[in-house]
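Accompanying notes for the structure given below.
The values are calculated or read from the model by the stated rules, or taken from the named source; none is laboratory data. Just so we're clear, the structure is a prediction, and the values are computed from it rather than from any experiment. Virtual Cβ from ideal backbone geometry, glycine too; neighbours counted across all protein chains shown.
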Amino acid sequence: MTADIVTILPNADEASLIADIYNEGQGPRMGIYLTFAKAQDLIRFHLPGKQLAELSYFRRGYNNRVYLARCSDGSEYVIRLGGRFWDHKKITNEAQALALARSVLGDIVQVPVFLGTSIDEAKIHTDESARIVPYDYIIMNRLPGVPLDSVWDKLSQDDKKKVVDQAAEIFAKLRSIEMTSIGNFINGLNNEPQVGANMESGVGPFMSWGDFVIGNIQQEIKYMLDAADNFSEVKVFLPRLETLMEKVKSGDLERQFQNQDALPEGVAAGRPISFLHGDFESRNMLVVGTKITGLHDFEFAGGFPSEQEWCAGFEWLFARAEDPYDEGEQQKLRDMTQDQKDLLDYFLRTLREKHGMVPYGKGNQEYKVVLYHLQANIAPWWLRDPPRDLWTEKQIKSMKTAVDSLEKALVFLGC
């Protein structure tokens, strides 16, 4: 086993597992874990007749704990435990997102199939005390391949281009699913995917880009005020944030920037609202050789404005629409190697020429990228919980970066 993969033995002492493996002092996964016996109980409940033979834990990840369960008949399944901030809404959202993705991806790439969830179990074990584990989980089929990020650096430039071609096609297929409202997925009529409220804030669905942006800013302001001692420097921006929301609501902001885009000939403006994976990174793709065999981790998928995917994904190709006022993020772009620059150019050219798509940023609705990062800098989630007097130098620097970016973003937006 590698350092990222740990075998969980049948006779492993629970206290030792907690001390040696499941030992986070904070974060979504703290206090959430499986023993071999509990994994066996989950397998027996959802997959009758199966006998767990081996259980491996993947250390990677931040929001979830992920296990590979190998049964005595050779079949393999993935068990994913949701972190402390998960609930049933996230499982429903991902299940519906997978169904939508499957409808357009066809044979291009596999996506997981849910074989059992904590929602299913709750229908039988209606008393919470009777449930196998006291947190949300899913069991799904194991897709073939290894995570792309684990082999990416070993691939030749030509092989990387083969992977990039497939990634561009997958992205374009997902983006072809047009939505009319903004939010995460819920069960609609006949269990069909329907856009509902944003599962993190609980507000929405939104019928327009402007309402969505205003809702996000209001939610971030609430987070900031709830932890006001941590964000004293941000409170002074409140009047200007109110002005910004008024400009968005009135349409003045869009009119201010409407003549600044110059899309290449033959490229149409992107769909304003479409299906987004939510985390289009190499860690969420599986490959066999240079073939992308699987795409997973749709937990943040939904119907969202098109700039969201560019701002949340593609970091592995240096194609993420970075915060233009974050010096650290901009330095990463300046430090790119020539091979990385060539690959980025190849990816963007492939999207433009084969799929009629261009990234959001300079020359294409840059103000929406600025707005995305502005929202994230009002009350950065990693600075909300630790009391300020316990902040590390890294957290102090992060606060300064957020404030500097907020100031410059508001100036850019005319506020």
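Listing for the model above:
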{"item": "Qualifying residues in the stretch 300-326 (those that are surrounded by fewer than 22 Cβ atoms within 10 Å (Cβ to Cβ) and among the acidic types (Asp, Glu)) - the one farthest from Ala197 (Cα to Cα)", "result": "Asp326"}
{"item": "Qualifying residue in the stretch 213-220 (condition: out of contact with any helix residue (DSSP H, G or I) (no Cβ under 8 Å at 6 or more places or on another chain), surrounded by 14 or more Cβ atoms within 10 Å (Cβ to Cβ) and outside any loop (DSSP other than H, G, I, E, B))", "result": "yes"}
{"item": "Residue in the stretch 105-125 that is modelled with the highest pLDDT, counting only those that are under 23 Å from Ala168 (Cα atoms) and over 20 Å from the mean Cα position of the chain (by Cα)", "result": "Ile108"}
{"item": "Residues within the stretch 280-320 that are in a strand (DSSP E or B) and not polar (S, T, N, Q), tallied", "result": "12"}
{"item": "Condition met for Phe347 (surrounded by fewer than 21 Cβ atoms within 10 Å (Cβ to Cβ), touching a Leu at 6+ places or on another chain (Cβ under 7 Å), under 27 Å from Leu155 (Cβ atoms) and modelled with pLDDT of 95 or more)", "result": "no"}
{"item": "Filter pass, Asp404 being touching a residue at least 24 places away in the same chain (Cβ under 8 Å) and among the acidic types (Asp, Glu)", "result": "yes"}
{"item": "Some residue of the stretch 369-383 being in the same structural domain as Ala168 (by TED's automatic domain parsing) and either of a type in the set (Asp, Glu) or in contact with a Gly (Cβ under 9 Å, 6 or more places away or on another chain) (or both)", "result": "yes"}
{"item": "Some residue of the stretch 55-78 being under 19 Å from His296 (Cβ atoms) and either among the β-branched types (Val, Ile, Thr) or in the same structural domain as Glu192 (by TED's automatic domain parsing) (or both)", "result": "yes"}
{"item": "Residue count, the stretch 163-198 (criterion: of a type in the set (Ser, Thr, Tyr) and closer than 27 Å to Met285 by Cβ)", "result": "1"}
{"item": "Flag for Ile43 being under 24 Å from Glu200 (Cβ atoms) and of a type in the set (A, V, I, L, M)", "result": "no"}
{"item": "Close pairs (7 angstrom Cβ cut-off, 6 or more residues apart or separate chains): closer than 11 Å to Val164 by Cα in the stretch 343-366, aromatic (Phe, Trp, Tyr) and surrounded by fewer than 19 Cβ atoms within 10 Å (Cβ to Cβ) anywhere", "result": "Leu344/Phe318"}
{"item": "Residues (assigned to a strand (DSSP E or B) and charged (D, E, K, R)) located in the stretch 49-77", "result": "Glu54, Arg65, Arg70, Glu76"}
{"item": "Answer residue from the stretch 302-317, given it is small (Gly, Ala, Ser) and under 14 Å from the mean Cα position of the chain (by Cα) and is nearest to Thr337 (Cα to Cα) among those", "result": "Gly313"}
{"item": "Search result, residues across the stretch 229-239 that are assigned to a helix (DSSP H, G or I) and surrounded by 15 or more Cβ atoms within 10 Å (Cβ to Cβ)", "result": "Asn230, Val234"}
{"item": "Those residues of the stretch 29-75 which are surrounded by 15 or more Cβ atoms within 10 Å (Cβ to Cβ), over 14 Å from Pro10 (Cβ atoms) and of a type in the set (D, E, K, R), in sequence order", "result": "Arg29, Lys50, Arg65"}
{"item": "Residue in the stretch 43-66 that is touching a strand residue (DSSP E or B) at 6+ places or on another chain (Cβ under 6 Å) and closer than 28 Å to Trp391 by Cβ present", "result": "yes"}
{"item": "First in the stretch 97-115 and within 13 Å of Phe185 (Cβ to Cβ), second anywhere and in a helix (DSSP H, G or I), Cβ under 7 Å, 6 or more apart", "result": "Ala101/Leu174"}
{"item": "The stretch 90-128, subset among the charged types (D, E, K, R) and under 17 Å from Leu276 (Cα atoms), residue surrounded by the most Cβ atoms within 10 Å (Cβ to Cβ)", "result": "Glu94"}
{"item": "Val164 among the hydrophobic types (A, V, I, L, M, F, W, C), touching a residue at least 60 places away in the same chain (Cβ under 8 Å), within 30 Å of Lys341 (Cα to Cα) and not in a loop (DSSP other than H, G, I, E, B)", "result": "yes"}
{"item": "Verdict on Pro144 being closer than 25 Å to Phe114 by Cβ, modelled with pLDDT under 95, assigned to a loop (DSSP other than H, G, I, E, B) and not hydrophobic (A, V, I, L, M, F, W, C)", "result": "no"}
{"item": "Every pair of residues 6+ apart whose Cβ atoms lie under 8 Å, when the first sits in the stretch 14-34 and is on the phi > 0 side of the Ramachandran plot while the second is modelled with pLDDT under 90", "result": "Gly27/Tyr62; Gly27/Gly83; Gly31/Arg84"}
{"item": "Where Glu200 falls short, out of the listed (1) closer than 30 Å to Ile396 by Cβ; (2) part of a helix (DSSP H, G or I)", "result": "(2)"}
{"item": "Test: residue in the stretch 115-126 that is under 22 Å from Phe45 (Cα atoms), touching a Pro at 6+ places or on another chain (Cβ under 9 Å) and either acidic (Asp, Glu) or not in a helix (DSSP H, G or I) (or both)", "result": "no"}
